[in-house]
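Remarks on the structure that follows.
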Amino acid sequence: MVDVDTVRRKVRLFVEEDLAAVRAIEREAFPEQRPTPLYEMLGHGGLSRYLVAVACRPPEGGRGLLRLLDRPGRPREEVVGYLGMWLPAQEAHIVAVAVTKPWRGRGFGELLIMCALELAAALGKREAVLECRVSNAIAIALYEKYGFQKVTVRPRYYSDNQEDAYVMVREGLDSLDFQQFLEGMKANYGRRWGLWEGPIAAEVGAHDGIKGGSG
Ligand SMILES: CC(C)(COP(=O)(O)OP(=O)(O)OC[C@H]1O[C@@H](n2cnc3c(N)ncnc32)[C@H](O)[C@@H]1OP(=O)(O)O)[C@@H](O)C(=O)NCCC(=O)NCCS
């Protein structure tokens, strides 16, 4: 078992090489859904953005053959979660977020939401919107932590069990209040989980813009 304190957390844009890992997480978390088309994950001409959460482990000594397979000085990366957003007009619609079961409860879902909101704001979006099963208390707690509010209920939204959905909205992504809120959340995240990296610099071309935390 990996010592959670030695793992560096990273969120970056999805690339085609991540497809198998993301498909596995998608099947595990949303078995009732059709697989997301690759073109959508790759950005769909600017209409969507998919992010992946990566656990970066430091090289280990290992034993026997495992030791030979480890390349010294090179962190080993594992895609442990993903998030998808549609980007119509002034809104970012979060269509999927999931972390693979063994890695849940270790801050990766939060990092995906934090980075997605930062990216949406950097892209000029004013609000983030999502639907969530009314029974999904864990996801609702995560969204509320980041300022999403339940605005309405869509009855029998999910066709597998006719469950209702909350529509949740995070307003004010273009406000100074939000920027300050996000800086505070990033600082807290770094204190709790240690080093992390987000995708903003690569996305908007501001190479000194990566906000990392250190614990
Ligand atoms: C929802 C999900 C993405 C959260 O990811 P995660 O990596 O496990 O969550 P994190 O460890 O980053 O926790 C972030 C916040 O989520 C909430 N949360 C996480 N685990 C929780 C639990 N067991 N009980 C209650 N709240 C919980 C808390 O608000 C937590 O913040 P806190 O630690 O300050 O209390 C993950 O549970 C998942 O993949 N679920 C299945 C797919 C799914 O339901 N997606 C959402 C569809 S709307």
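The set of residues in segment 96-122 being without any contact (Cβ under 8 Å) to a residue 40 or more places away in the chain and surrounded by fewer than 16 Cβ atoms within 10 Å (Cβ to Cβ) consists of PRO102, ARG104, GLY105. Pairing residues of segment 137-162 that are closer than 30 Å to GLU183 by Cβ with residues that are at pLDDT below 95 and part of a strand (DSSP E or B), at Cβ distances under 7 Å and at least 6 apart in sequence or on separate chains, gives no pairs at all.
Taking into account only those residues within segment 133-146 that are over 16 Å from the mean Cα position of the chain (by Cα) and not in a helix (DSSP H, G or I), which is surrounded by the fewest Cβ atoms within 10 Å (Cβ to Cβ)? Looking at residues that are over 16 Å from the mean Cα position of the chain (by Cα) and not in a helix (DSSP H, G or I), I get SER135. Residues that are in contact with a His (Cβ under 9 Å, 6 or more places away or on another chain) and either more than 16 Å from the ligand (Cβ to nearest atom) or modelled with pLDDT of 95 or more (or both) are absent from segment 62-80 altogether. Filtering segment 169-188 to residues that are among the basic types (Lys, Arg) and closer than 11 Å to LEU117 by Cα leaves only ARG170. Scanning segment 81-96 for residues that are near the ligand (Cβ under 10 Å from one of its atoms) and farther than 12 Å from VAL22 by Cβ returns ILE94, VAL95. For first residues located in segment 188-199 and assigned to a strand (DSSP E or B), partners that are of a type in the set (Ser, Thr, Tyr) and lie 6+ apart or on another chain with Cβ distances below 7 Å form the pairs TRP196/TYR189.
Taking the stated definitions as given, is LEU130 crowded, with 18+ Cβ neighbours inside 10 Å, farther than 22 Å from GLN33 by Cα and modelled with pLDDT of 95 or more? No; evaluated as a whole, the condition is false for this residue.
Just to be sure I understand the filter: pairs with C-beta atoms under 7 Å, separated by 6 or more residues or on different chains, first member in segment 1-18 and of a type in the set (Ser, Thr, Tyr), second member at pLDDT below 95. Which pairs pass? Final answer for the pair search is THR6/ARG57; THR6/PRO58.
The values are calculated or read from the model by the stated rules, or taken from the named source; none is laboratory data. The structure presented is a predicted model; accordingly, all values stated were derived computationally and were not measured. Because the Cβ atoms are built from the backbone with ideal geometry, glycine has one as well, and the counts that use them run over all protein chains shown.
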